[in-house]
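Below you'll find the structure, written out as structure tokens, and then a few comments.
The values are calculated or read from the model by the stated rules, or taken from the named source; none is laboratory data. What you see is a predicted model, and the numbers here were worked out from it, not measured in a lab. Don't worry about glycine lacking a Cβ; one is built from the backbone with ideal geometry, like all the others, and counts go over all protein chains shown.
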Amino acid sequence: MPDPLHHGLNQSRWPKRIGRLIDAICLVALIVVIVTVIYGFWLRAIWAHGYYLAVAVAVLGAFVILIGLAQQAIAARDVATWRDMAEWQIRAARAAAGQAGATQADADDEIEANAAAYYEILIGTLVAHAEQDERSIVDER
């Protein structure tokens with residue numbers, strides 16, 4: 001199987017690091033805002049002897065937001081895992097089928113992973129590999 005580093009299938013680590021840094025900054029900013037709102041409601045509740053329901057709703061909202069962020073991070077990891085598995089399957093299909101011609105491989109690997117054409121090529125390769133497997137099973141019978 002060809003090395004993914006030579007075919008452009010792996011991206012640089014810097015965009016991932018920058019993305020993590022931006023995510024961390026946004027998370028800290030969100031936590032600061034939530035804590036400030038809860039603290040403000042808490043002070044208001046202590047001084048006015050009311051607003052306890054507002055404090056409870058703010059705390060519950062903070063938990064809901066943090067759970068939503070965790071689910072979003074899990075979903076992003078699932079998408080990345082699916083993409084890695086699909087790319088591995090494409091490389092395996094090309095190696096098994098002997099279809100890794102230089103022009104087609106270079107043309108396919110030039111496309112960015114976020115482009116719509118990337119997924120069209122990905123699905124087309126998987127379908128072609130499945131059809132070839134089906135034909136080989138039929139030929140064996």
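When you go through G61, G50, G68 one by one, which is the residue that is of a type outside the set (V, I, T), outside any helix (DSSP H, G or I) and exposed (fewer than 14 other Cβ atoms within 10 Å of the Cβ)?
Being of a type outside the set (V, I, T), outside any helix (DSSP H, G or I) and exposed (fewer than 14 other Cβ atoms within 10 Å of the Cβ) holds for just one of G61, G50, G68, which is G50.
As an exercise: evaluate V37 against (1) surrounded by 13 or more Cβ atoms within 10 Å (Cβ to Cβ); (2) out of contact with any His (no Cβ under 7 Å at 6 or more places or on another chain); (3) modelled with pLDDT under 80; (4) of a type outside the set (K, R) and give the number of the one condition it does not meet.
Only one criterion in (1) surrounded by 13 or more Cβ atoms within 10 Å (Cβ to Cβ); (2) out of contact with any His (no Cβ under 7 Å at 6 or more places or on another chain); (3) modelled with pLDDT under 80; (4) of a type outside the set (K, R) is unmet by V37, namely (3).
When segment 126-141 is examined, which residues are found to be exposed (fewer than 10 other Cβ atoms within 10 Å of the Cβ) and among the charged types (D, E, K, R)?
Listed by number, the residues that qualify are D139, E140, R141.
For the condition modelled with pLDDT of 65 or more, among the β-branched types (V, I, T) and under 30 Å from I31 (Cα atoms), what is the one hit in I65, I123?
I65
Given (1) at pLDDT 85 or above; (2) under 23 Å from R13 (Cα atoms), identify the lone condition not met by D84.
Going through the list (1) at pLDDT 85 or above; (2) under 23 Å from R13 (Cα atoms), D84 breaks only (1).
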